[in-house]
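Take a look at the structure below.
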């Protein structure tokens, strides 16, 4: 089991890099095309004028085709061959005993248990359970079942530290051999006998951070002296605390050439390592993945309730060509209500998406928390047409989202929330759905607009690409 998990993890890491970076040309006939060539093949449109619905569909289809053409597997045959070879060569028939022994010791070292019992609450209730009739009198017989809730918390805090996973492993002569080191590294030969090295290094300080918990409840039954029973419930809570390193770097090199590199930088401000407190906690994370000239960069993923701000920004580039950019900014504050539940106070939201510099989607809300409340209220009253339509109308006033072409200022189409009547065996309800409204006043729901008939190029290319990857990648 462990051998399979570790082997699959190694292959998955390589595979994830391959899938993330599989950005190239549509087919062999265009193998010499650059990103500039592919983008320049998109038909020109006049961004100062509003296009008809059919013109917009055609333009979006062409932009989508160009974008997806950057994800063909053609230029990554060597990497896919490496994945397939590593999976077969270093799979179940390879000797993983040394790696399994190291992994077991590492996990045992990382698991820290701080056990203690604290009586949180105590209450009980009883019920009479029928046992049958008395043979002599025919009267029913009952036994008292007392349910006793003790709510003991056996708290087991499990701490995982990435920097504790250290050691060098070399695959040779049918088995992995290990040696001590200050980082984690796996060395193996590829399908051509060239040395590949997969490594993970960490640096900087670590911060203990709460990552949730699991609850296990045990039920015990015992008979009392009077013949009745007491059922005792005992609850165990297992908290997971991760010691997050400030810097993590993962690389895969082949014959001395670095083909995949991921760098993660994390800054955490944690009020308590054993529980969430979004009113006090803060984080700032950046990641960069580079593969064969492609870069996926999360330049900002941050949250600070103190500053009343949350941001997310990422960009996908090929060389200096921007393929996709996404930005989300939320200004608002989180507080706790009387029930100690989190509540988001008035939040301003701004979202921007840019695809190949050809299509831009811009959205804003001047009260995101109110918008969310209105949508939830409509859903909760979905059998009341009047309430649903009232809440939807109010929500649309707080929601502004439109699509633009070539960086222009003319809105080509507008996104609105609409209500739709839905009849089924359970009765009639009114549901909300996002729709696209065009300049001529016509509308299409997302479900009716984004169909294969409207975007043949995208759907056909997606199906061909999916089949291509499925045929090439042989990892089970």
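Does residue 312 count as more than 21 Å from the chain's Cα centre (by Cα) and buried (at least 17 other Cβ atoms within 10 Å of the Cβ)? Criteria not met by residue 312. Beta carbons closer than 8 Å, at least 6 apart along the sequence or on distinct chains, pair a first residue in region 446-467 that is in contact (Cβ under 8 Å) with a residue 12 or more places away in the chain and at negative phi with a second that is surrounded by fewer than 16 Cβ atoms within 10 Å (Cβ to Cβ) and outside any helix (DSSP H, G or I) for 446/433; 446/434; 447/433.
Listed here are the residues, each with its yes/no results for (1) buried (at least 17 other Cβ atoms within 10 Å of the Cβ); (2) out of contact with any helix residue (DSSP H, G or I) (no Cβ under 7 Å at 6 or more places or on another chain); (3) modelled with pLDDT under 85; (4) within 23 Å of residue 350 (Cα to Cα).
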site	(1), (2), (3), (4)
388	yes, no, no, no
404	yes, yes, no, yes
409	no, yes, no, yes
412	yes, no, no, yes
431	no, yes, no, no
442	no, no, no, no
463	no, yes, yes, no
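If the condition is being part of a strand (DSSP E or B) and touching a residue at least 24 places away in the same chain (Cβ under 8 Å), then region 214-228 contributes only 214. Restricted to region 327-347, and to residues there that are surrounded by 16 or more Cβ atoms within 10 Å (Cβ to Cβ) and in contact with a helix residue (DSSP H, G or I) (Cβ under 7 Å, 6 or more places away or on another chain), the residue that is nearest to residue 404 (Cα to Cα) is 330. Each residue in region 127-148 was checked for being touching a residue at least 40 places away in the same chain (Cβ under 8 Å) and either closer than 11 Å to residue 228 by Cβ or touching a helix residue (DSSP H, G or I) at 6+ places or on another chain (Cβ under 9 Å) (or both), and 4 of them qualify. A Cβ distance below 9 Å, combined with a sequence gap of six or more or placement on separate chains, defines the contacts here; from region 31-49, residues that are farther than 30 Å from residue 292 by Cβ reach residues that are surrounded by fewer than 12 Cβ atoms within 10 Å (Cβ to Cβ) and modelled with pLDDT of 75 or more in the pairs 47/407; 47/409; 48/409.
Run down 231, 237, 248, 260 and say which single residue is out of contact with any helix residue (DSSP H, G or I) (no Cβ under 6 Å at 6 or more places or on another chain), assigned to a strand (DSSP E or B) and under 30 Å from residue 70 (Cβ atoms). Before the answer, list the steps.
On the way: 231 fails: under 30 Å from residue 70 (Cβ atoms); 237 fails: under 30 Å from residue 70 (Cβ atoms); 260 fails: out of contact with any helix residue (DSSP H, G or I) (no Cβ under 6 Å at 6 or more places or on another chain).
Result: 248 is the single residue among 231, 237, 248, 260 that is out of contact with any helix residue (DSSP H, G or I) (no Cβ under 6 Å at 6 or more places or on another chain), assigned to a strand (DSSP E or B) and under 30 Å from residue 70 (Cβ atoms).
Looking at residue 278, is it within 30 Å of residue 37 (Cβ to Cβ) and either in contact with a strand residue (DSSP E or B) (Cβ under 7 Å, 6 or more places away or on another chain) or buried (at least 17 other Cβ atoms within 10 Å of the Cβ) (or both)? Taking the combined requirement at face value, the residue does not satisfy it.
Of all residue pairs spaced 6 or more apart or on separate chains, those with beta-carbon atoms under 9 Å, a first member in region 418-431 that is in contact (Cβ under 8 Å) with a residue 24 or more places away in the chain and a second member that is exposed (fewer than 10 other Cβ atoms within 10 Å of the Cβ) and in a strand (DSSP E or B) are 429/423. Evaluation of residue 446 against the conditions (1) out of contact with any strand residue (DSSP E or B) (no Cβ under 6 Å at 6 or more places or on another chain); (2) within 25 Å of residue 63 (Cβ to Cβ); (3) loosely packed, with under 13 Cβ neighbours inside 10 Å shows that the sole unmet condition is (1).
Selection of region 155-195 for residues being within 29 Å of the chain's Cα centre (by Cα) and closer than 20 Å to residue 95 by Cβ yields 184, 185, 186. Within region 336-364, take every residue that is part of a loop (DSSP other than H, G, I, E, B), without any contact (Cβ under 8 Å) to a residue 24 or more places away in the chain and within 26 Å of the chain's Cα centre (by Cα) and give me the one that is farthest from residue 315 (Cα to Cα). Among those residues, the one meeting the criterion is 341. Here the condition is being at pLDDT 85 or above and loosely packed, with under 13 Cβ neighbours inside 10 Å; of 77, 36, 46, 92, it holds for 46 alone. Considering only residues in region 102-112 that are assigned to a helix (DSSP H, G or I) and touching a residue at least 24 places away in the same chain (Cβ under 8 Å), the one that is farthest from residue 179 (Cα to Cα) turns out to be 110.
The values are calculated or read from the model by the stated rules, or taken from the named source; none is laboratory data. Values in this document were obtained by computation on a predicted structure and should not be read as measured data. As a convention, Cβ positions derive from the backbone with ideal geometry for all residues, glycine included, and neighbour counts pool all protein chains shown.
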